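> Here it is, the structure, as structure tokens.
Bear in mind these aren't lab numbers, they're just calculated from the coordinates by the rules spelled out. Values in this document were obtained by computation on a predicted structure and should not be read as measured data. Positions of Cβ are generated from backbone atoms using ideal geometry, with glycine treated the same way; all protein chains shown enter the neighbour counts.
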Amino acid sequence: MTAYYNDKNRYSAEWLLNLIDEGLIPHGYVDERPIEEVRAIDLKGFTQCHFFAGIGGWPLALRLAHWPDDRPVWTGSCPCQPFSEAGKRKAKADARHLWPAWFRLISQLRPDIIFGEQVPEAIKLGWLDEVALDLEECDYAIGTAVLSACLVEARQERERLWFVARANGFAPKWSSEPWVECHPWPSDEGMARVAHGIPEQPLFRSAYGDAIIPTAGAEFIVAASEALTL
């Protein structure tokens, strides 16, 4: 197995297993434990590690960006609820603020390349400051961008904060040339049609709503790869 997937949501875990069976994301192991229970030793031997893996948006984005399945990388989209305008915005006081749990594993195993994502509202509430400070103190260089899904012709704005971190302090030099390969994301109406008749429809909508748009992720991965000469 080359990939490790972590998501405590049973519905997402089953979705990931189906994607693995179909060969749509790298072959790997799906761990349904909360990230707080994951130990560094549990990750030994895996080439890619995807945390808060959801429905597999990051591994698909990597493939769209022509990132080989056997090339080491960590990804994660920490829960957005503590920072989203749709929530109570308790920020670090919210139990769902799980960057510290992820960073514990990062600091212990020091993966070379990390990609992550969060809602842009988290910037105002100090999430990015915390992430950048933690990584920089661990000798990572970090680059960030706020990108809209419209960039890849999705039919929604869906702005997201994206970040890349590289070990040993190689500072990114961003390319001015955008990379776009259009794979339109289904509209909300399309989602409703797909979800029709599924007993766990609320879970489906939750998984869909929390997912990254893989083509937007691929855009960021390619730009970061060029900037960092990965």
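> Taking N as the number of residues in segment 1-123, what value does Rg over Cα atoms divided by 2.2 N^0.38 Å take?
1.04
> Could you tell me which chymotrypsin sites (Phe, Trp or Tyr not before Pro) in segment 1-84 are loop residues by DSSP with no more than 11 other beta carbons within 10 angstrom of their beta carbon?
Those that pass, being in a loop and sparsely packed, number zero.
> Continuing with this model, one more query. Are there trypsin sites (Lys or Arg not before Pro) in segment 12-113 that DSSP puts in a loop and that have at most 16 other Cβ atoms within 10 Å, and which ones?
R39, K44, K88, R89, K90, R96
> Suppose each label sits 7 Å from its Cα in the direction of the beta carbon; what would the D112-Y11 distance come out to in nanometres?
3.8
> Kindly state, to the nearest 0.05, the FRET efficiency for R96 paired with E137, given R0 = 22 Å and r defined as their beta-carbon distance.
The computed FRET efficiency comes out at 0.40.
> Whole angstrom only: what separates the Cα centroid of segment 108-142 from the Cα centroid of segment 1-35?
Taking the Cα centre of each part, segment 108-142 and segment 1-35 sit 24 Å apart.
> So if each residue of separation counts as 0.36 nm, and I subtract the Cα-Cα distance between K124 and D69, what length gain in nm does that give?
Details: separation 55, 0.36 × 55 = 19.80 nm, distance 3.49 nm.
Here the segment from K124 to D69 would lengthen by 16.3 nm.
> Starting from segment 1-60, pick out the GluC sites (Glu not before Pro) whose DSSP state is loop and whose Cβ has at most 11 other Cβ atoms within 10 Å.
Listed in order of number, the matching sites are E22.
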